[in-house]
Amino acid sequence: MRRRAWLTLGAVLIGGGGVVTYATASPSDGSGAPGQDRRPVEVYGLALKGTAAGERKLPRTETEQFSLVGVSWTGALKPLEGTAQVRARGLESGEWGAWQDLELDAAPPEEVEAGMRGASQPLWVGPSDGVEARVVHEDGSTGALPKGLEVNLVDPGVVTEAETRLDAPEPAAFVMDESPSPSPSPEPTAPPSTVPQPPVTSRADWGADESKSPDPSEYNPDVKAVFVHHTDGANDYDCAESASIVRGIYAYHTEVEGWNDIGYNFLVDKCGTVFEGRKGGFDRPVLGAHTYGFNRESAGIAVLGTHVSGAASTAALTSVARVTAWKLGQYGADPAGTVQLTAGATQRNYFSTQFTAGEQYTFRRVSGHRDGFNTQCPGDALYAQLPTVRTWAAGPVDGLRIASLTDATAKGSTYYTKGTPVVRWAATTPAALIKGYDVLVDGQAVAATSGAGYAKRITLTPGTHTVTVQATHQSGAVTTATPLTVVAETTAPVFTAAPTLGLRTGTVYTGSAPVTLSWKATDDQALRQVRLLTPQAATFSAAAYLSNRTARPGTASSWSMRAYDYAGNYRDAAVTYTPVVLQESAAVRTGSWSARSSSSYLGGRSYSSASKGASLTWTFTGRSAAWVVSRASSSGQAYVYVDGVKAATVDLRSSATSYRQAIWTRTWSANARHTVKIVVVGTSGRPTVTTDGLVYIR
């Protein structure tokens with residue numbers, strides 16, 4: 001059973017000048033929840049009746065819920081003086097929304113017929129059960145309102161089975177309205193387009209009541225341009241409501257404004273769904289009523305919502321571009337070009353350009369409503385997006401670039417790979433407008449994807465190659481990305497000098513000795529890095545060849561390294577070394593030496609001597625050695641002999657006292673038996689030498 005409601009409207013004079021009308025709907029019975037039953041589209045015209053200067057009232061009226069509202073008045077060409085505003089009360093929330101301006105510069109048909117009314121743009125407010133309307137004059141006055149002023153409410157109803165199903169299929173491409181409708185004779189043909197037709201939701205699928213437009217369709221000779229519009233209304237609608245919005249606009253155009261059909265040729269929602277507008281075959285040049293003065297040579301596409309400050313979604317722009325390219329492609333027109341259109345009326349546009357009926361004027365093939373008529377439509381934000389629509393529709397593919405090369409590494413501007421990299425790319429032109437991509441190697445196509453593709457693995461032979469991506473727009477225009485230089489190679493790096501460990505100066509502890517790790521690595525193409533894997537982890541640049549580390553005495557450790565090239569090839573090298581501590585007591589002594597004990601000494605003990613010529617000699621088999629001593633301001637000098645040959649004179653004097661210092665080191669190319677002998681010089685005034693022992697590596 002249909003839910004009935006009483007709608008009460010009134011009007012009062014408000015401060016600041018203007019007239020407020022209000023309406024509230026309340027159920028006349030408690031049966032049923034609103035919106036659940038299938039119901040037809042309903043339009044309610046609520047007439048304002050003046051009773052005295054500055055006051056207008058509306059009679060009590062019966063109505064249903066509504067989702068779209070506007071105002072209209074007698075006289076299709078008569079302007080409404082002032083700003084019409086409305087606000088609605090949400091059906092579910094019961095709360096009043098904000099006041100919203102109604103666009104009053106909607107274009108009338110070029111041929112005004114009896115019964116047509118002047119009207120604002122319809123405003124989608126969503127399911128509502130109350131409305132307030134007001135007309136505020138610029139000077140604050142409350143003068144006479146236009147004759148026959150009405151508040152018009154549209155309930156789009158629920159008329160298609162698909163609207164009640166969660167699994168409703170997506171609109172199919174090439175769907176035509178099969179409902180019977182009168183057609184003119186001869187009927188124009190639908191020429192093929194240079195680009196594919198996008199999916200279009202037919203009038204039957206969005207629930208057009210064809211009885212509202214009984215007149216036969218009229219046709220233009222061709223489509224020379226496309227005018228882009230917005231429909232006004234909230235942008236936070238759910239895309240499941242889009243068919244309802246289209247039905248509401250259709251009912252408003254036909255029943256409120258008295259037109260013979262919806263004015264636009266196509267409508268597009270924010271999710272990118274395209275709806276067939278005016279009947280007659282959307283693949284034909286149907287005469288619309290969308291851009292006053294220029295309907296005879298154009299098609300009109302309206303984006304659902306308001307885009308004065310909020311930009312249209314990418315999905316909506318994509319569909320506008322697809323429809324534009326397809327319609328203009330039927331007549332060989334470039335969406336990025338210009339065209340001469342003949343004015344059908346004498347008027348000015350939004351930019352104050354004067355048009356004279358019968359004269360020709362230059363327009364972009366893709367223009368905004370404001371270019372042809374004095375209106376803000378399609379809003380500043382959407383108008384600023386029209387260059388993007390032109391670029392996407394006309395091609396070539398915009399913003400094409402190679403985003404990355406996986407399984408390859410860049411060195412400067414050159415990439416290195418083992419031979420099977422993944423090429424990834426990106427473009428700003430939406431995939432729906434792209435015919436396909438090709439990956440080119442040395443100028444030859446080696447892989448291809450659809451316009452939705454974004455990556456492809458390729459195989460390269462060893463050597464240097466040029467790799468790029470080529471995009472083909474649906475128009476056939478080709479764009480090529482900046483090419484990359486890619487080297488394919490499988491040869492691993494080489495260690496020309498294996499990892500080598502040598503003792504260095506520094507502080508020696510029972511658990512660690514200062515060492516220097518050295519190596520040499522190279523690659524036939526480009527060495528990337530060398531890593532130390534064990535006994536510690538570290539990463540070095542390709543230019544590095546040594547690193548100061550520490551090693552644990554008494555422990556055999558494998559010093560394992562790996563050299564990588566930029567292609568990802570690598571080679572390992574490893575050598576095992578053992579640092580050994582020889583205490584002072586292990587040396588052969590000559591002369592006078594005294595033992596000292598302290599936790600500061602290596603192993604807790606040391607030998608000290610001030611006797612000139614006193615010596616200590618260690619014999620070992622190894623490849624590196626370091627003499628460990630204590631230093632102070634009173635420390636003297638010592639001679640160092642290696643294998644019987646004097647190697648150095650070492651001064652142990654230091655302004656700061658320090659212990660366990662490796663002060664002298666020597667490294668050989670291989671393990672061998674060596675002797676190291678230290679001799680006290682007997683330096684005047686500071687003859688003392690204190691030694692902790694010797695560390696060597698084998």
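The values are calculated or read from the model by the stated rules, or taken from the named source; none is laboratory data. In this text, all values refer to a predicted model and were calculated from it rather than measured experimentally. When we count neighbours, we look across all protein chains shown, and the Cβ atoms used for this are built from the backbone with ideal geometry, even at glycine. Side chains are part of the model used for accessible areas, which takes the heavy atoms of the whole protein and leaves out ligands, DNA and RNA. Shrake-Rupley method; radii C 1.70, N 1.55, O 1.52, S 1.80 Å.
Pairs are defined by a Cβ separation below 7 Å, a sequence spacing of at least 6 or placement on different chains, a first member in region 614-638 that is in contact (Cβ under 8 Å) with a residue 12 or more places away in the chain and closer than 15 Å to ALA513 by Cα, and a second member that is of a type in the set (A, V, I, L, M, F, W, C) and in a loop (DSSP other than H, G, I, E, B); the pairs so defined are VAL628/VAL508; VAL629/LEU652. The number of residues in region 312-323 that are assigned to a loop (DSSP other than H, G, I, E, B) and either over 19 Å from GLN121 (Cβ atoms) or modelled with pLDDT under 95 (or both) comes to 1. Checking SER592, SER518, SER608, SER558 one by one, the residue that is under 30 Å from GLN637 (Cα atoms), in a strand (DSSP E or B) and modelled with pLDDT of 95 or more is SER608 and no other. Could you tell me how many of the residues in region 71-96 are out of contact with any Lys or Arg (no Cβ under 6 Å at 6 or more places or on another chain) and more than 24 Å from THR346 (Cα to Cα)? Total meeting the criteria: 13. Residues in region 90-111 that are open to solvent by 80 Å² or more (accessible area, probe 1.4 Å) and at pLDDT below 85: GLU111 only.
Pairs are defined by a Cβ separation below 8 Å, a sequence spacing of at least 6 or placement on different chains, a first member in region 464-486 that is farther than 19 Å from TRP392 by Cα, and a second member that is open to solvent by less than 50 Å² (accessible area, probe 1.4 Å) and outside any strand (DSSP E or B); the pairs so defined are VAL467/ILE458; VAL467/LEU460; THR468/ALA481; VAL486/LEU460. Of note, VAL695 satisfies the criterion of being closer than 20 Å to ARG589 by Cβ, buried (at least 22 other Cβ atoms within 10 Å of the Cβ) and among the aliphatic types (A, V, I, L, M). Residues in region 197-241 that are surrounded by fewer than 21 Cβ atoms within 10 Å (Cβ to Cβ) and within 19 Å of TRP124 (Cβ to Cβ): ASP209, LYS212, ALA234, ASN235, ASP236, TYR237, ASP238, CYS239, ALA240, GLU241. Of the residues screened, VAL581 is one that is touching a helix residue (DSSP H, G or I) at 6+ places or on another chain (Cβ under 9 Å) and either assigned to a strand (DSSP E or B) or open to solvent by 40 Å² or more (accessible area, probe 1.4 Å) (or both).
Condition test on SER512, is it surrounded by 15 or more Cβ atoms within 10 Å (Cβ to Cβ), touching a helix residue (DSSP H, G or I) at 6+ places or on another chain (Cβ under 9 Å) and of a type in the set (Ser, Thr, Tyr)? For SER512, the condition - surrounded by 15 or more Cβ atoms within 10 Å (Cβ to Cβ), touching a helix residue (DSSP H, G or I) at 6+ places or on another chain (Cβ under 9 Å) and of a type in the set (Ser, Thr, Tyr) - is not met. For the condition farther than 26 Å from PRO499 by Cβ and surrounded by 18 or more Cβ atoms within 10 Å (Cβ to Cβ), SER655 does not qualify. Contact map, region 578-601: residues that are under 10 Å from ASP692 (Cα atoms) and hydroxyl-bearing (Ser, Thr, Tyr) paired with residues that are open to solvent by less than 60 Å² (accessible area, probe 1.4 Å) and at pLDDT below 95, Cβ distance under 7 Å, separation 6+ or inter-chain. Pairs shown: TYR601/ASP692. ALA312 satisfies every condition listed in (1) out of contact with any Pro (no Cβ under 9 Å at 6 or more places or on another chain); (2) among the small types (Gly, Ala, Ser); (3) crowded, with 18+ Cβ neighbours inside 10 Å except (1).
Within region 615-632, does at least one residue satisfy the condition of being of a type in the set (A, V, I, L, M, F, W, C), out of contact with any strand residue (DSSP E or B) (no Cβ under 6 Å at 6 or more places or on another chain) and assigned to a strand (DSSP E or B)? Within region 615-632, one or more residues are of a type in the set (A, V, I, L, M, F, W, C), out of contact with any strand residue (DSSP E or B) (no Cβ under 6 Å at 6 or more places or on another chain) and assigned to a strand (DSSP E or B). Take the conditions in contact with a Lys or Arg (Cβ under 7 Å, 6 or more places away or on another chain) and surrounded by fewer than 22 Cβ atoms within 10 Å (Cβ to Cβ) and apply them to TYR641. Does it pass? Yes; evaluated as a whole, the condition is true for this residue.
Kindly evaluate GLU138 against the criterion of being touching a strand residue (DSSP E or B) at 6+ places or on another chain (Cβ under 8 Å), modelled with pLDDT under 90, open to solvent by 40 Å² or more (accessible area, probe 1.4 Å) and under 18 Å from ILE249 (Cβ atoms). No; evaluated as a whole, the condition is false for this residue.
For region 270-296, the set of residues classified as open to solvent by less than 30 Å² (accessible area, probe 1.4 Å) and either among the β-branched types (Val, Ile, Thr) or in a helix (DSSP H, G or I) (or both) consists of VAL274, VAL286, THR291, ASN295, listed by residue number. Filtered by the rule that a residue be among the hydrophobic types (A, V, I, L, M, F, W, C) and at pLDDT below 60, region 55-80 gives a lone residue, LEU58. For region 515-534, indicate whether the set of residues that are touching a Lys or Arg at 6+ places or on another chain (Cβ under 7 Å), under 13 Å from LEU501 (Cα atoms) and among the hydrophobic types (A, V, I, L, M, F, W, C) is non-empty. Within region 515-534 (the criterion being touching a Lys or Arg at 6+ places or on another chain (Cβ under 7 Å), under 13 Å from LEU501 (Cα atoms) and among the hydrophobic types (A, V, I, L, M, F, W, C)), the answer is yes, since at least one residue qualifies. Inside region 430-467, residues that are surrounded by 15 or more Cβ atoms within 10 Å (Cβ to Cβ), touching a Gly at 6+ places or on another chain (Cβ under 7 Å) and assigned to a loop (DSSP other than H, G, I, E, B) make up a count of 2. Note on region 242-269: residues that are open to solvent by 10 Å² or more (accessible area, probe 1.4 Å) and part of a helix (DSSP H, G or I) amount to 4. Among residues of region 435-452 that are closer than 26 Å to GLN197 by Cα, those with a Cβ under 8 angstrom from a residue that is among the aromatic types (Phe, Trp, Tyr), sequence gap 6+ or separate chain, pair up as TYR437/TRP425; ALA448/TYR437; THR449/TYR437; SER450/TYR437; GLY451/TYR437. Before we move on, is ASP651 under 22 Å from ALA610 (Cα atoms) and in contact with a helix residue (DSSP H, G or I) (Cβ under 6 Å, 6 or more places away or on another chain)? Here the answer is no, as ASP651 does not meet what is asked.
Looking at ALA497, ALA492, just one residue is within 30 Å of ALA574 (Cα to Cα), in a loop (DSSP other than H, G, I, E, B) and aliphatic (A, V, I, L, M), and that residue is ALA492. Just one of the listed residues (SER585, SER592, SER597, SER635) is closer than 17 Å to SER658 by Cα and out of contact with any Gly (no Cβ under 7 Å at 6 or more places or on another chain), and it is SER635.
For region 324-421, the strands (runs of 3 or more DSSP E) that sit wholly inside it and include 2 or more residues that are over 27 Å from ASP222 (Cβ atoms) and open to solvent by less than 70 Å² (accessible area, probe 1.4 Å) are 401-411. Being touching a His at 6+ places or on another chain (Cβ under 9 Å) and either without any contact (Cβ under 8 Å) to a residue 12 or more places away in the chain or open to solvent by 60 Å² or more (accessible area, probe 1.4 Å) (or both) is a property that ARG673 lacks. On inspection, THR362 fails the criterion of being among the β-branched types (Val, Ile, Thr), at pLDDT below 95 and over 23 Å from ALA315 (Cβ atoms).
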